[in-house]
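Readers should treat all values here as calculations from the given coordinates under stated rules, not as data from a laboratory. Bear in mind that the values here come from a model prediction, so they are computed numbers and not experimental data. Counting neighbours? That spans all protein chains shown, and the Cβs are built from the backbone with ideal geometry, glycine included.
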Amino acid sequence: MPCSCKQKKNAPAVATTDRYVTFDGIDCDGNARLLMSYIRKHIDLPEKTNKFWEYFKQKALGGNGPKPDDLFLIHSNLNQIRELFELYEDDEALALLDIVEIECC
């Protein structure tokens with residue numbers, strides 16, 4: 001008898017879901033814009049910025065090549081953004097970051 005991995009004749013059909021349908025009604029772009037304003041609230045202050053955040057600001061403006069959309073930039077830097085909000089105990093921004101990460105990334 002052949003192994004079970006080769007018995008696909010009677011295997012149930014795999015349901016496919018269009019993952020983009022799940023974003024219907026979620027304002028990912030608006031939430032990302034708001035999250036960027038929370039980030040800028042911190043990193044625009046000289047005492048809270050560093051070389052990474054200065055580079056981040058330039059990237060957000062498109063100064064280092066094509067301007068990425070806010071959601072892509074957030075998704076690409078989730079850990080650094082989380083660390084920033086934790087460092088400055090910004091619970092409101094952390095809550096929004098969690099929503100954006102779960103719903104949009």
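Among Leu97, Leu34, Leu61, which comes first, second and so on when ranked by fewest other beta-carbon atoms within 10 Å? Can you show the working numbers first?
Values: Leu97 23, Leu34 15, Leu61 9.
Fewest-to-most Cβ neighbours within 10 Å comes out as Leu61, Leu34, Leu97.
Under the combined filter of DSSP loop state and at most 15 neighbouring Cβ atoms within 10 Å, the stretch 46-105 retains these chymotrypsin sites (Phe, Trp or Tyr not before Pro): Tyr88.
With 10 angstrom as the radius, rank Asp27, Asp91, Asp70 by how many other C-beta atoms surround their C-beta, starting from the fewest.
Details: Asp27 12, Asp91 9, Asp70 21.
Result, fewest neighbours first: Asp91, Asp27, Asp70.
Identify the residues of the stretch 59-92 with backbone N under 18 Å of a label point that sits 7 angstrom from the Cα of Arg33 along the Cα-to-Cβ direction, or state none. In the stretch 59-92, the label zone of Arg33 (backbone N under 18 Å from the point 7 Å along Cα→Cβ) covers 60-62, 67-75.
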